[in-house]
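Read-outs: derived from the displayed coordinates by stated rules, not from any lab. Keep in mind that this is a model prediction, so the values were computed, not measured. Every residue, glycine as well, gets a Cβ built from its backbone with ideal geometry; the counts of neighbours run over all protein chains shown.
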Amino acid sequence: MAAGAVAEAVAAAETAAERASGLAALADATSSCTLCALAEGRTQVVFGTGDPNAKLMFVGEAPGFHEDKQGYPFVGQAGKLLDELLAGIELTRDDVYIANVLKCRPPGNRDPQQVEIEACEQHLFKQVALIEPRLIATLGNFATKLLSGRPDGITKVHGEPRESTLGGRTVTLYPLFHPAAALYTPAMMKTLEADFARIPGLLGAEGTDKIGPAIEVAAGEPEAGEAIPAGVGVPSHDLAVDPDEQLDLF
Ligand code: SF4
């Protein structure tokens with residue numbers, strides 16, 4: 001589909017079928033993107049996956065080694081943890097939409113460069129415009145800073161929803177620690193779980209047919225950003241750390 005036709009599809013999508021077809025057209029158009037140099041080293045574009053009508057969208061940083069090979073976001077150990085966290089609020093990947101800021105893997109999983117972000121962000125903005133999620137959970141420092149337009153790091157702002165304008169639309173951003181960061185830093189795991197448990201409540205009671213019941217965060221959980229004493233309350237996720245997971249997520 002030509003770029004103009006994709007833009008029309010984005011503007012016109014109102015029904016579930018229109019969103020799905022618009023997103024499919026956008027994925028098709030993006031699959032051959034050469035707007036930045038990352039096109040040269042990629043195996044494939046990792047566009048995103050999930051429900052085109054999702055009320056909850058997750059945005060990570062960029063594809064890693066496994067994502068580049070398989071064509072899906074969050075397929076490594078961090079992806080398994082994300083699956084577990086979703087299951088904890090009675091959701092699956094089919095209920096949400098998952099994408100990254102960049103659609104192609106930076107070599108060696110290095111940080112995205114500004115020129116790459118500026119080239120690629122239009123794809124993400126179109127995804128958001130089509131899906132119209134109620135809540136966008138930004139996973140990790142990088143996606144949070146980019147989408148919020150603020151310099152505050154994830155350690156300071158995680159678990160704090162705030163409105164933001166993205167691609168001309170007002171959405172609620174909800175910064176979360178990146179699952180890979182939680183794998184590398186067990187003390188973050190409890191905080192990530194607590195922040196995740198607030199998602200059903202943030203999505204609200206209205207139109208929550210795909211949203212599980214709100215999960216109470218137990219009294220005594222650490223405050224956002226509070227250090228957890230060694231050996232206390234560290235969850236038992238048995239997920240081996242993969243050296244190909246992205247590291248710069250703090
Ligand atoms: S990273 Fe984005 S802008 Fe760069 S080639 Fe891939 S899809 Fe295009």
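Grab the beta carbon distance between ASP28 and ALA87, set R0 = 30 Å, and tell me the FRET efficiency rounded to 0.05. Could the numbers behind the result be given before it?
On the way: r = 31 Å, r/R0 = 1.03.
Efficiency for this residue pair is about 0.45.
Over the range 54-136, with a single point scatterer placed on each C-alpha, what log10 of the ratio I(q)/I(0) does the Debye formula yield at q = 0.12, 0.13, 0.18, 0.27 1/Å?
One equal scatterer on each Cα of the range 54-136 leads to -0.36, -0.43, -0.80, -1.34.
Which ordering of HIS178, HIS123, HIS66 is given by a fewest-first count of other beta-carbon atoms within 10 Å?
Placing the least packed residue first, the sequence is HIS66, HIS123, HIS178.
If you count, for each residue, the other Cβ atoms within 10 Å and average over each peptide, how do 22-29, 58-65, 141-148 line up from highest to lowest?
Values: 22-29: 19.5, 58-65: 26.4, 141-148: 22.2.
Top to bottom by mean Cβ count within 10 Å: 58-65, 141-148, 22-29.
Around PRO161, under 15 Å between beta carbons, what's the net of Lys plus Arg minus Asp minus Glu among the other residues? Display every interim value, and only then the final one.
On the way: positive: LYS55, ARG134, ARG150, LYS156, ARG162, ARG198; negative: ASP152, GLU160, GLU163, ASP195.
Here the charged neighbours net out to +2.
Cross-link list LYS103/LYS145; LYS80/LYS103; LYS69/LYS126: which exceed 22 angstrom alpha carbon to alpha carbon? Display every interim value, and only then the final one.
Working: LYS103/LYS145 17 Å; LYS80/LYS103 20 Å; LYS69/LYS126 24 Å.
Cα-Cα > 22 Å for LYS69/LYS126; rest within.
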